[in-house]
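Here's the structure, in structure tokens; my notes come after.
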Amino acid sequence: MTMPFYVAPEQLMKDKADYARKGIARGRSLVGIVFSGGILLAAENPSRTLHKISEIYDRIAFAGVGKFNEFDSLRVAGVRHADTKGYAYSREDVDARSLANAYAQLIGQVFTHDMKPMEVEILVAEVAGPNSDPTDGSRDQLYHILYDGTVFDEDRFTVLGGEAEVIAQRMEASYREDMALGDAVKAAVGALAGPDRTLEPKDLEVALLDRTAERRAFRRIEDPELSTYLA
């Protein structure tokens, strides 16, 4: 009788993590920033139809990097989860924290029990309600969820994808409290591009969650508005 092939659990988890990180690093990065009017999400994405940044619910946005079909399936699952909870209870009961926890459980389950982990990092962002101070970002939420289900609660900005550490250093150097929208766009795009490249509006996908919006806070920033901010 042949003996079953054995791999130590520590080595198996390490191999899965390395595999997921390599897949994520092949994609382009994404930045989320809290600014004076809400949360800005900016990604290097030349596609006009395959979106990395999307709306989940009234004041909640979703962003993902890595393998598109995997993080898009997570986006769809998040929309269904939010719609079902909002219909069964109330719209105010749908929040980013519970959604991030649900994502973390799902991604962690796949990482632990399936042969291939998800090659994704995702961001769930939420701005405070319309009754809050429109200039106060202390109640905004940014949840960065890794390929193994680990959740980070960020408070100023976060970077997802390949070269995250380098881009985060650039972002740290240019970030200021209570940045205006135009300054936030320039800071995010500058951090994504680095000193040796220039990113044009056609290379970018940019959206925001507007803290002053009465209900649906998500809005995309398209040309020519984006060109104005980058000028």
message = Using only DSSP helix segments of four residues or longer, with each worth -39500 (n - 2.57), what per-residue ellipticity at 222 nm results for the chain after dividing by its residue count and rounding to 500?
response = -12000 deg cm²/dmol
key: Label-point gap, in nm, between ASP178 and LEU50 - each point 7 angstrom along Cα→Cβ   = 4.2 nm
note = Footprinting proxy, ARG139, ARG215, ARG21: sorted fewest to most Cβ within 10 Å, the residues are ARG215, ARG139, ARG21
remark   = Sparse-neighbourhood loop hits (trypsin sites (Lys or Arg not before Pro), segment 44-73; DSSP loop; Cβ within 10 Å at most 10 others) -> ARG48
key: Cα-based shape type of the chain, given that a ≥ b ≥ c are square roots of the gyration tensor eigenvalues and the cut on a/c is 1.5   = oblate
query = Which links in LYS14/LYS67; LYS22/LYS186; LYS52/LYS116; LYS14/LYS202 stretch past 30 Å when you go from one Cα to the other?
reply = LYS14/LYS202
remark   = Simple spin-label estimate for ARG97/ASP153, 7 Å along Cα→Cβ, in nm, reads 0.6 nm
task = Rounded to whole Hz and in sequence order, give me ³J(HN,Hα) for segment 56-63 from the Karplus expression 6.51 cos²θ - 1.76 cosθ + 1.60, θ = phi - 60°, writing x for Gly and Pro.
result = 9, 8, 3, 10, 10, 10, 10, 9
In segment 133-216, the GluC sites (Glu not before Pro) that fall in loop regions by DSSP, at most 13 other Cβ within 10 Å = GLU177, GLU214
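Cut-off is 10 Å between beta-carbons; in what order do LEU12, LEU192 appear when sorted fewest neighbours first?
Ranking LEU12, LEU192 by Cβ neighbours within 10 Å, fewest first, gives LEU12, LEU192.
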ask   = Sequence-distant or interchain residues sharing an amide H contact under 5 Å with LEU204, placed H: which?
value = ASN45
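Any read-out appearing in this document is the output of simple, stated calculations on the displayed coordinates, not a laboratory observation. None of the values given here were measured: they were computed from a predicted structure. Because the Cβ atoms are built from the backbone with ideal geometry, glycine has one as well, and the counts that use them run over all protein chains shown.
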